[in-house]
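K.L.:
What follows is a structure written as structure tokens; I'll ask about it next.
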Protein chains: 2
Amino acid sequence: MTDADLPFDTKMLDKLAEVAVQVGLGLEPGQNLVLTAPVEALPLVRRIAAAAYRAGAANVTPILSDEAVTLARFEHGTDVAFDSAPDWLYKGMGEAFANNAARLAISADNPLLLKGQDPDKTSRASKANSTAYKPALEKIANFDINWNIVSYPGRAWAKQVFPDLPEDEAVAKLAEAIFAASRVDRADPVAEWQAHNARLRARTEWLNAEGFSALHFTGGGTDLTVGLAEGHEWKGGASEAKNGITCNPNIPTEEVFTTPHKDRVDGVARASKPLVYQGTPIENIEVRFENGRIVEASASEGEATWKKLIDTDEGAARLGEVALVPHSSPISQSGLLFFNTLYDENAACHIAQGQCYSDCFVDEIASDPDKVKAGGGNASLIHVDWMIGGPETDIDGIKPDGTRVPVFRKGEWAQEV
Amino acid sequence: MTDADLPFDTKMLDKLAEVAVQVGLGLEPGQNLVLTAPVEALPLVRRIAAAAYRAGAANVTPILSDEAVTLARFEHGTDVAFDSAPDWLYKGMGEAFANNAARLAISADNPLLLKGQDPDKTSRASKANSTAYKPALEKIANFDINWNIVSYPGRAWAKQVFPDLPEDEAVAKLAEAIFAASRVDRADPVAEWQAHNARLRARTEWLNAEGFSALHFTGGGTDLTVGLAEGHEWKGGASEAKNGITCNPNIPTEEVFTTPHKDRVDGVARASKPLVYQGTPIENIEVRFENGRIVEASASEGEATWKKLIDTDEGAARLGEVALVPHSSPISQSGLLFFNTLYDENAACHIAQGQCYSDCFVDEIASDPDKVKAGGGNASLIHVDWMIGGPETDIDGIKPDGTRVPVFRKGEWAQEV
Ligand SMILES: [Zn+2]
Ligand SMILES: [Zn+2]
Ligand SMILES: [Zn+2]
Ligand SMILES: [Zn+2]
């Protein structure tokens, strides 16, 4: 585990660490940092710790996961192992966030780690974990504190994205894609992020000014009307957390997104890309919504996992997010399927089953859970994005009086802003 | 980080994992396990996770530390970094233990990691950490739950123990010493541990039956009378935690130990081996006690660190443990200095500055913190063992009526039991 073994330019990791801490988190002096990562990402973990301490962090606490330990549960665990989770750890994290700790996650996992495991066990384990994680996730979903996710080119992940290349070449290619999408291959990554954030802000300002009550998606087998929550607000790029710190939660990010109305989604949605959910690939999802709820669901592969997923709780069959990404976005243009939500959701328009972001409401509503609920904000243990956009996607914005405004045509923004 | 890179027989790690879980923890089905380890010890972490799941663990949560991240704080941290600690994590661990989670620690650290760092910073960081760790440490020190420490042959540690050998040979030698001391190089390690525990129990039963009120140590520059706490009890080897589970907290262990009276220690103690405290070597410690408290202290190297240590709080200058280990014990006979308390304290009679083990009292007192205090049990943020025994050590047991009974002569037990 030395830098010398890495088949890419490790100076890029130095830049990625700076971007994660400065742009991603906007870390303020005196903040604690909770840093979750797979152990394989240690070369980036170490650089982020150094960058955070330079930025004045009080304490940087890495919580490292290991795929072999994760698998040990499925290979050796007795029945009791699949309904339990480290409640104490997640409750502690929730407390850290309540005390204004920032949160950084490094995503590098093998997307197919749990492929072939008993779906009943993976589903029980996942539900136990989601339940235990709730006290921490709520504070992230409510945007109480500044948080960020960045990626690291893990070996198993790289082999999945580039199955035909030798391992080192696959890692090098994935590293190149991550560094490009994260804008650290430019001379001044921080300035690049400022310009990109300004472009995303112009889009959200236009959408907020138009005041659509619904979006109508067509193309690629989808014909779906997504009602928007009352008092919804479009967000994207840099955003101010409730602790007053402006951060970029996702690096990369290409999307603008808001909260659908949990009872006003109707029609058919067909996935434009596969979804990998906790290690299981789910292909060719197709669902029909009635009054906000999925009433028919199918998939050509992983259908059992998909049905279990939308059956997790009442809110899992309803939407918590709708997001717009042009087909010309750099991640989409790479033509790669990353098997990683952070990347694939930034390649295409998507919707998410489950929990909404209360932050995607005007302030007066966002601060009051009762008003979020009354406005149509969905609640669930899960939040799972899946892609419905592609080169054929047309979207109309529908105003409260029924007027239609072109938003997307053939996968691209229909208006200049 | 693959097993193939390890310069020792990894089958020994399988056996060590089984001994840690079965003998060390006595893990019961349904227990959660909190597993702390340096990331370098992953090959053992993974095997312990598997062994724990086989034994019916509900959830195994590794909390992995990394030396480069630890150093990043000292190299890049601003002033605020040295007075903070992950309170949320330790509080969470305390809650896990309150809910009957077991605790396993793998010790493999570089003993000199922090050598050369500013002693003011290391001392502040250590104090902040001890303060934050208190909610978790109390439950371990009070023996509320079953816990265990085992060792793993880390590279930097091995180089410190065998400075003249090439690195791989040093690791192989340290591995051999660890496997021998942990009794996993025998055909049936679990049976070996049962026999060893029976021998230690015979010693504690004799000491408890004698009912000494003090021990008088002489030899090697030491002339020290250690009064024993009222209601003290001698412990050693396997012991029953308050949750009813019998475990072996230390693997290896060769000591029998009890609680001194915090106000009744008088005379001079001279260290028989160096102490490495949080990365700083402290050589040739000599102290004088009056009424239980150190009133004069010196060391030929690391004196500032030693004085800061015994100045941590009021209890740090007083004793919390006295322990007896014959000079013929296998670890002593190896002739090695391990720079690791788990090993070196099992090579020689020792005393410990700071917190006492309330478990080293008869049950009626052990369960009541007020009675522990009234009996003379010491309290402190720290518990630091240092060695005073050697081949010249004589010990007399002093009974309440002043009668003297030989306990040790020339470093060995003076009585057959
Ligand atoms: Zn999204
Ligand atoms: Zn989403
Ligand atoms: Zn001891
Ligand atoms: Zn001790």
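The values are calculated or read from the model by the stated rules, or taken from the named source; none is laboratory data. In this text, all values refer to a predicted model and were calculated from it rather than measured experimentally. Note: ideal-geometry Cβ built from the backbone for every residue, glycine included; neighbour counts use all protein chains shown.
K.L.:
For the range A:124-138, check the following and say yes or no: at least one residue is surrounded by fewer than 19 Cβ atoms within 10 Å (Cβ to Cβ) and outside any helix (DSSP H, G or I).
P.N.:
No, the range A:124-138 contains no residue that is surrounded by fewer than 19 Cβ atoms within 10 Å (Cβ to Cβ) and outside any helix (DSSP H, G or I).
K.L.:
Further question on the same structure: Please go through the range B:288-302 and give me each residue that is outside any strand (DSSP E or B) and under 14 Å from B:Ala316 (Cβ atoms), ordered by number. Step through it out loud before you land on a result.
P.N.:
First, the residues of the range B:288-302 that are outside any strand (DSSP E or B): B:291-292, B:299-300, B:302.
B:Gly292 - this is the single residue of the range B:288-302 that is outside any strand (DSSP E or B) and under 14 Å from B:Ala316 (Cβ atoms).
K.L.:
Then there is this: Please enumerate the residues belonging to the range B:158-201 that are surrounded by fewer than 14 Cβ atoms within 10 Å (Cβ to Cβ), more than 21 Å from the chain's Cα centre (by Cα) and among the small types (Gly, Ala, Ser).
P.N.:
Within the range B:158-201, B:Ala187, B:Ala191, B:Ala195 qualify.
K.L.:
Would you call B:Pro252 within 16 Å of ligand 3 (Cβ to nearest atom), away from every other protein chain (no Cβ under 14 Å) and in contact with a Cys (Cβ under 8 Å, 6 or more places away or on another chain)?
P.N.:
Working: within 16 Å of ligand 3 (Cβ to nearest atom): yes; away from every other protein chain (no Cβ under 14 Å): yes; in contact with a Cys (Cβ under 8 Å, 6 or more places away or on another chain): no.
The answer is no for B:Pro252.
K.L.:
Okay, next question. Could you please let me know if A:Thr218 is among the β-branched types (Val, Ile, Thr), touching a residue at least 40 places away in the same chain (Cβ under 8 Å) and within 19 Å of A:Glu345 (Cα to Cα)? Break it down stepwise before answering.
P.N.:
Numbers: among the β-branched types (Val, Ile, Thr): yes; touching a residue at least 40 places away in the same chain (Cβ under 8 Å): yes; within 19 Å of A:Glu345 (Cα to Cα): yes.
Yes, satisfied.
K.L.:
Determine whether B:Thr10 is at pLDDT 95 or above, surrounded by fewer than 19 Cβ atoms within 10 Å (Cβ to Cβ), under 29 Å from A:Pro29 (Cβ atoms) and of a type in the set (S, T, N, Q).
P.N.:
Details: at pLDDT 95 or above: yes; surrounded by fewer than 19 Cβ atoms within 10 Å (Cβ to Cβ): yes; under 29 Å from A:Pro29 (Cβ atoms): no; of a type in the set (S, T, N, Q): yes.
So B:Thr10 fails the test.
K.L.:
If a residue has to be assigned to a strand (DSSP E or B), within 16 Å of ligand 4 (Cβ to nearest atom) and not hydrophobic (A, V, I, L, M, F, W, C) to count, how many in the range B:253-285 make the cut?
P.N.:
Selection size over the range B:253-285: 4.
K.L.:
Further, regarding this structure: Got a sec? Which of A:Asn100, A:Asn142, A:Asn129 is more than 9 Å from every other protein chain (Cβ to nearest Cβ), polar (S, T, N, Q) and within 26 Å of A:Glu303 (Cα to Cα)? Break it down stepwise before answering.
P.N.:
Numbers: A:Asn100 fails: within 26 Å of A:Glu303 (Cα to Cα); A:Asn142 fails: within 26 Å of A:Glu303 (Cα to Cα).
Of the residues listed, the single one that is more than 9 Å from every other protein chain (Cβ to nearest Cβ), polar (S, T, N, Q) and within 26 Å of A:Glu303 (Cα to Cα) is A:Asn129.
K.L.:
Can you name every one of the helices (runs of 4 or more DSSP H) wholly within the range B:1-93 that holds 1 or more residues which are of a type outside the set (Gly, Ala, Ser), under 25 Å from the mean Cα position of the chain (by Cα) and at the interface with another protein chain (Cβ under 8 Å from one of its Cβ atoms)? Quick ask: steps written out before the conclusion?
P.N.:
Details: elements: B:11-19, B:42-54, B:67-76.
Answer list for the range B:1-93: B:42-54, B:67-76.
K.L.:
Just checking, which of B:Thr305, B:Thr259, B:Thr280 is surrounded by 20 or more Cβ atoms within 10 Å (Cβ to Cβ) and touching a Cys at 6+ places or on another chain (Cβ under 9 Å)? Break it down stepwise before answering.
P.N.:
Working: B:Thr305 fails: touching a Cys at 6+ places or on another chain (Cβ under 9 Å); B:Thr280 fails: touching a Cys at 6+ places or on another chain (Cβ under 9 Å).
When all the criteria are applied, what remains is B:Thr259.
K.L.:
Next question. Among A:Thr393, A:Thr341, which is the only one that is at pLDDT 95 or above, closer than 23 Å to A:Ile285 by Cβ and assigned by TED's automatic domain parsing to the domain that holds A:Gln278? It would help to see each step written out before you state the result.
P.N.:
On the way: A:Thr341 fails: at pLDDT 95 or above.
Testing whether each residue is at pLDDT 95 or above, closer than 23 Å to A:Ile285 by Cβ and assigned by TED's automatic domain parsing to the domain that holds A:Gln278 leaves just A:Thr393.
K.L.:
Please indicate, with yes or no, whether at least one residue in the range A:175-184 is more than 25 Å from A:Ala37 (Cβ to Cβ) and among the polar types (S, T, N, Q).
P.N.:
Filtering the range A:175-184 for residues more than 25 Å from A:Ala37 (Cβ to Cβ) gives none.
For the range A:175-184, residues more than 25 Å from A:Ala37 (Cβ to Cβ) and among the polar types (S, T, N, Q): absent.
K.L.:
Also, I was wondering about something else. B:Gly244: without any contact (Cβ under 8 Å) to a residue 60 or more places away in the chain and either among the polar types (S, T, N, Q) or away from ligand 1 (no atom under 16 Å from the Cβ) (or both), yes or no?
P.N.:
Numbers: without any contact (Cβ under 8 Å) to a residue 60 or more places away in the chain: yes; either among the polar types (S, T, N, Q) or away from ligand 1 (no atom under 16 Å from the Cβ) (or both): yes.
Answer is yes for this residue.
K.L.:
Considering only the range B:357-374, state which residues are within 15 Å of B:Arg318 (Cβ to Cβ) and modelled with pLDDT of 95 or more.
P.N.:
Hits for the range B:357-374 are B:Val372, B:Lys373.
K.L.:
Of the residues A:Leu174, A:Leu215, which is closer than 18 Å to A:Thr10 by Cβ, of a type in the set (A, V, I, L, M, F, W, C) and not in a loop (DSSP other than H, G, I, E, B)?
P.N.:
Working: A:Leu215 fails: closer than 18 Å to A:Thr10 by Cβ.
Residue meeting the stated conditions: A:Leu174.
K.L.:
In the range B:94-120, how many are modelled with pLDDT of 95 or more and not in a strand (DSSP E or B)?
P.N.:
Matching residues across the range B:94-120 total 8.
K.L.:
Another question, then. Does A:Thr312 count as away from ligand 4 (no atom under 16 Å from the Cβ) and either within 14 Å of another protein chain (Cβ to nearest Cβ) or in contact with an Asp or Glu (Cβ under 7 Å, 6 or more places away or on another chain) (or both)?
P.N.:
no
K.L.:
Considering every residue within the range A:218-226, establish whether at least one is of a type in the set (Ser, Thr, Tyr) and surrounded by fewer than 22 Cβ atoms within 10 Å (Cβ to Cβ). Reasoning before the result, please.
P.N.:
First pass over the range A:218-226, keeping only residues of a type in the set (Ser, Thr, Tyr): A:218, A:222, A:225.
Filter once more, keeping what is surrounded by fewer than 22 Cβ atoms within 10 Å (Cβ to Cβ): A:218, A:225.
Looking through the range A:218-226, at least one residue is of a type in the set (Ser, Thr, Tyr) and surrounded by fewer than 22 Cβ atoms within 10 Å (Cβ to Cβ).
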